[in-house]
């Protein structure tokens with residue numbers, strides 16, 4: 001099957017044929033190849049976040065799981081241990097999330113920015129709207145959680161975008177509910 005035939009079948013009509021189609025297909029392939037070299041694949045970014053996690057979080061990402069739940073009025077982020085007997089990791093999670101909740105309530109999102117990048121989706125909106133977001137820390141039997149609530153749709157969307165970015169970056173270390 002020729003390139004011309006594929007182009008005709010994919011579009012349902014023949015706008016370009018022969019050499020022009022070949023040049024366009026090759027140019028498109030070159031652009032895709034070059035852009036894939038500029039942007040690291042998802043797995044590489046997740047590995048980088050996992051490796052850098054200890055710079056921001058005192059607990060071991062391999063021994064814990066981030067759980068994100070997007071709610072109608074914001075969201076809940078939990079961090080729990082994989083091994084219920086690991087009391088040390090539970091204490092590290094609790095101390096960290098309690099500290100982060102205080103910082104988030106004050107509009108300080110420096111830790112997520114350091115790990116995920118200052119241009120992380122939702123982060124600037126959350127920092128700017130912090131006085132209109134309630135941040136609540138709570139201990140869980142296997143770790144802790146931070147709940148974010150607001151009645152402002154723009155901020156709910158920012159929380160959801162922020163959670164989505166964390167889910168993507170943490171890969172196998174995170175899940176959603």
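Throughout, read-outs are computed from the coordinates displayed, never taken from laboratory work. In this text, all values refer to a predicted model and were calculated from it rather than measured experimentally. Cβ atoms come from the backbone with ideal geometry, glycine included; neighbour counts cover every protein chain shown.
Values as computed for the structure displayed
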| item | result |
| --- | --- |
| Extension reserve of the residue 175-residue 114 stretch, reckoned as 0.36 nm per residue once the Cα distance is removed | 19.8 nm |
| Ascending count of other beta-carbon atoms within 10 Å, so fewest first, for 146, 159 | 146, 159 |
| Virtual paramagnetic centre 7 Å along Cα→Cβ of residue 134, amide N under 19 Å, in the stretch 141-161 | 145-160 |
| Contact order normalised by residue count of the stretch 44-176, Cα under 8 Å, 6+ apart, percent | 34 |
| Which of 100, 72, 152 has the fewest Cβ neighbours within 10 Å, and the rest in rising order | 72, 152, 100 |
